[in-house]
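The next block holds one structure in the form of structure tokens; read it before the comments.
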Amino acid sequence: MAKSVSFEIYSFKNGNWMLDSVHDDKNMAIHQGRMLISSPHHIAIRVIEESYDDATDNTTSKIVYKEKKGEEEEKPKKKSKGKSKQKKVKGKKRKKKKKKVNFMLLVISFGGISLGLLALLAILMSELG
Amino acid sequence: MVHRLLMHWRGAQQSDQIPEMTAVLARDLGELVLDIYVLDIRGDEPVFERIGSNLLADGGKGLVGEPVSDAPKTMLLGQALKYYSKVQVKQIPITLGGEFEHDNGKTILYRSLIAPLNNEDGESAYLLGAVNCKEKEE
């Protein structure tokens, strides 16, 4: 028994996959799919291989080509993730700097207070005796 | 050839609608016109509206204005259009290849395209067909 194969081109329109054309040749179907995606009327294209087996009465289908407009535009988003990492690193450095400054201020103020206390003690000691 | 004609069919489309017959035939089809035929599908049975000279020479003579059932199955035209009803129902272009025993005794390999066409009122009225072939090497 024969097994028949066809290649169906689907185009995504108004939220649905619409059948555009049917071919019996895979290369032609994929070539057509490529031509379609380059035209302004199509935003996504799929070529589906449909195999029908007479003996088993089974139909199997698989995607042999798919293309979506804007795929290239999505890639830079991944790059922007890298950028955000860089931003995160910069942010961490700033936080470290702030911590250092705060620590220095704390040391200076603590030193000032202790110096003041020492001076006060010295005055008290001299008055008492 | 089939691919080139399909590109003309797509080129004649307004947005993504089925193109008008006049828009497709008005394009510079070059030598493709020798291998194309048009069926008028407005009646009960499609009739040949026009037939290219290569197909006229291969059993198509005298078929213009006649129903598709008159096309001999042992000639290229009769084989090329045998799936026209699928295109009529689905309203999409379909390409199909195959082989058959020609009237002259040779085995012929062919590739056929049938695509829907509208009339000026936007109604489905015609089918555009094209076929090319070669002898199968024994």
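Divide the volume of the convex hull of the Cα atoms of region B:1-53 by its number of residues and quote the answer in cubic angstrom per residue. Walk me through the numbers on the way to the answer.
Numbers: hull volume 4.7 nm³, N = 53.
Expressed per residue, the convex hull around the Cα atoms of region B:1-53 is 88 Å³.
List, in the order given, every pair from A:LYS26/A:LYS69; A:LYS26/A:LYS62; B:LYS86/B:LYS106; A:LYS62/B:LYS90; A:LYS66/B:LYS86; B:LYS106/B:LYS134 whose Cα-Cα distance in the structure shown is over 18 Å.
Working: A:LYS26/A:LYS69 22 Å; A:LYS26/A:LYS62 12 Å; B:LYS86/B:LYS106 28 Å; A:LYS62/B:LYS90 21 Å; A:LYS66/B:LYS86 25 Å; B:LYS106/B:LYS134 10 Å.
Beyond 18 Å between Cα atoms: A:LYS26/A:LYS69; B:LYS86/B:LYS106; A:LYS62/B:LYS90; A:LYS66/B:LYS86.
Using alpha-carbon positions, what is the distance between the centroids of region A:1-74 and region B:82-126, in Å?
20
I want the local charge near B:GLY11. Using Cβ-Cβ distances under 11 Å, sum +1 for each Lys or Arg and -1 for each Asp or Glu among the other residues.
On the way: positive: B:ARG4, B:ARG10, B:ARG27; negative: B:ASP28.
Every neighbour counted, the sum reads +2.
Please go through region B:29-122 and write out the GluC sites (Glu not before Pro) that DSSP classes as loop and that have at most 11 other C-beta atoms within 10 Å.
On the way: sites: B:GLU31, B:GLU49, B:GLU99, B:GLU101, B:GLU120; in loops: B:GLU120.
Listed in order of number, the matching sites are B:GLU120.
Could you give the angle, 0 to 90 degrees to the nearest 10, between helix B:2-11's Cα long axis and the longest principal axis of the Cα atoms of chain B?
It is inclined by approximately 10 degrees.
Tell me the volume per residue, in Å³, of the convex hull enclosing the alpha carbons of region A:8-51.
On the way: hull volume 2.5 nm³, N = 44.
Residue-normalised Cα hull volume stands at 57 Å³.
Where Rh denotes the Kirkwood radius from the mean inverse Cα pair distance, what is Rg over Rh for chain B?
Details: Rg = 14.2 Å, Rh = 14.9 Å.
Rounded to two decimals, Rg/Rh equals 0.95.
Expected output is a single nm value to one decimal: the length gained when fully extending between B:GLU123 and B:ASN104, i.e. 0.36 nm times separation in residues minus the C-alpha distance. What is it?
Numbers: separation 19, 0.36 × 19 = 6.84 nm, distance 3.94 nm.
Gain on extension, B:GLU123 to B:ASN104, equals 2.9 nm.
Take the alpha carbon gyration tensor of region A:26-67, find the square roots of its eigenvalues, order them as a ≥ b ≥ c, and report rounded if a/c is under 1.5; if not, report prolate when a/b exceeds b/c, else oblate.
On the way: a/c = 4.08, a/b = 2.84, b/c = 1.44.
Here region A:26-67 falls in the prolate category.
Mind listing the long-range amide H neighbours of B:LYS82? Cut-off is under 5 Å, sequence gap 5 or more, other chains count too, H placed in the peptide plane at 1.01 Å from N.
Residues meeting the criterion, in which the H sits 1.01 Å from N, do not exist here.
Can you pull the Kirkwood radius for the protein assembly as shown, inverse mean 1/r over Cα pairs, to one decimal in Å?
Values: mean 1/r = 0.0425 Å⁻¹.
Averaging 1/r across every pair of different Cα atoms and inverting gives 23.5 Å.
For region B:89-99, what does the Karplus curve 6.51 cos²θ - 1.76 cosθ + 1.60, with θ = phi - 60°, yield as ³J(HN,Hα) per residue in whole Hz, taken in order and with x for Gly and Pro?
For region B:89-99, the Karplus-derived couplings read 7, 7, 6, 9, x, 10, 10, 8, x, x, 9 Hz, x marking Gly and Pro.
Each reported figure results from applying straightforward, stated rules to the coordinates on display, with no laboratory input. Everything quoted here is computed from the prediction, not taken from an experiment. Cβ sites come from the backbone with ideal geometry, for glycine too, and all protein chains shown count toward neighbours.
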